[in-house]
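Right, one structure below, let's go through it.
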Amino acid sequence: RSTMDVCASSSPTLREFGCEQNLLSRPDGSSSFVQGDTSVLAGVYGPAEVKVSKEIYDRATLEVVMQPKVGLPGVRERAREQCVRETCEASLLSTLHPRSSLTLVLQVVHDDGSLLSCFLNSACMALMDAGLPMSCLFAGVTCAIDTDGQVITDPNAAQEKESRALMTFAIDSTERRVMMSSTRGSFTVHELQQCIAVSQKASDKIFQFYRDSVRRRYSKTL
C-alpha cells in the first residue's frame, strides 16, 4: 500500500494534485486521484470473461461506469464515460486480450471543477496499477476561458461557472498528441489552439508526477 503522493505545482497553472494506487482490495488495479478539492476513485476489473453478446473476437471489450457522488448516472455521466472509454481504448493494447472484458469503475468523491481531467488521470493510474499493457500513458487537462479571454488551467467549480468556454483534453505521453477532446461554450480557432498548447505543456507536469509516484511506490516495495 502506497502513501498519498502529493505534488505542489511550481507555477500557478495547476492546482496541487495527489494520488494513491492499490488502495482497494477487490479490483485488479485501483487509484485515488486528487486535483485541488476535486477527488475521484478508480477501479479496474479484468481481463475477465465477457458476455457473448459483448464479445469482440480480436480484442478486449472495455466498459466504463461512472458513479456520481449522489443519485443515479445521467446524460452528463454517459458523455464523460464515452470520453474516458475512447481515451483508454486508444492507449490500451486490447488485442493482447481478445474475447475478454475490462471494466473501469469511476466514483466521484468530490467535484470542485475539472472533473473529467481528474477522471482521466485516475483512470490512467488505475490501468497502470492493474499492469495492463498500454502503448502510452495519458493525462487529462481542463482549460477554461474567462470572459476576458484569459486561459485558466485546471479551473475550480467557481471558475468553470464564470467561464465562457471549457475544454478538456487527453494528451498522450509519447508525442503529446491530443487523444480526446471535450468542449463546451464559444471560442475561436486561435483560442482552441492556445488551450491545446497550454494543455500539452501542463501534461509534462502530470507525466512527471506519474513517474515520481510509481518510482516512490516501487522503491518502498523492492
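Values computed for the structure shown
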| read-out | value |
| --- | --- |
| Neighbour net charge for S30 - beta-carbon separation under 10 angstrom, K R +1, D E -1 | -2 |
| Per-residue HN-Hα couplings for region 143-150 [Karplus 6.51, -1.76, 1.60; θ = phi - 60°; Hz; x = Gly/Pro] | 10, 10, 10, 7, 5, 8, x, 7 |
| Calculated P(r) tail over 24 Å for the chain, as whole % of Cα pairs | 40 percent |
| Cα-centred dipole magnitude for region 65-222, charges only on beta-carbon of K, R (+1) and D, E (-1), debye, nearest 20 | 500 debye |
| Surrounding net charge for V178, when Lys and Arg each add one and Asp and Glu each subtract one, Cβ distance under 14 Å | 0 |
| Probe 1.4 Å - accessible area at T168, Å² to nearest ten | 10 Å² |
| Efficiency of FRET from Cβ geometry, S135 and R99, R₀ 30 Å, rounded to 0.05 | 0.90 |
| Selection from P133, V70, G18, by position along the positive dipole direction of the chain (Cβ) | P133 |
| Entries in K54/K205; K161/K201; K69/K201 that, when Cα-Cα distance is taken, lie over 29 Å | K54/K205; K69/K201 |
| Histogram of C-alpha separations across region 19-96, 5 Å bin width, % | 3, 12, 18, 23, 24, 13, 5, 2, 0 |
| Charge tally in the Cβ shell below 14 Å around T147, where Lys, Arg are +1 and Asp, Glu are -1, T147 excluded | -3 |
| Accessible solvent surface per residue of region 12-125, calculated while the other protein chains remain in place, 1.4 angstrom probe, Å² | 47 Å² |
| Unit Cα scatterers, Debye sum, region 12-54: log10 I(q)/I(0) for q = 0.17, 0.23, 0.27 Å⁻¹ | -0.59, -0.78, -0.90 |
| Calculated [θ] (222 nm, deg cm²/dmol) that DSSP helices of n ≥ 4 give over the chain, each run adding -39,500 (n - 2.57) | -11000 deg cm²/dmol |
| Region 156-200 residues near the modelled T147 label - backbone nitrogen below 16 Å, point 7 Å along Cα→Cβ | 158-166, 186 |
| Stretch gain in nm, segment V52-H190, where the contour uses 0.36 nm per residue and the Cα spacing is subtracted | 45.0 nm |
| Against the rule of thumb 2.2 N^0.38 Å, how large the Cα Rg of region 87-181 comes out | 1.22 |
| Crossing angle, helix 115-130 versus the chain [Cα axis fit, 0-90 degrees, rounded to tens] | 30 degrees |
| Region 127-153-region 29-43 distance, computed between alpha-carbon centres (Å) | 13 Å |
| Label-point gap, in nm, between Q67 and E86 - each point 7 angstrom along Cα→Cβ | 2.6 nm |
| Nearest-10 value in Å² for the accessible area of D112, using the 1.4 Å probe | 40 Å² |
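The values are calculated or read from the model by the stated rules, or taken from the named source; none is laboratory data. In this text the structure is predicted, and so the values were computed from the model without any measurement. With ideal geometry, Cβ positions are generated from the backbone for all residues, glycine too; neighbour counts draw on all protein chains shown. Just the protein is used for accessible areas: all its heavy atoms, side chains included, with ligands, DNA and RNA removed. Shrake-Rupley method; radii C 1.70, N 1.55, O 1.52, S 1.80 Å.
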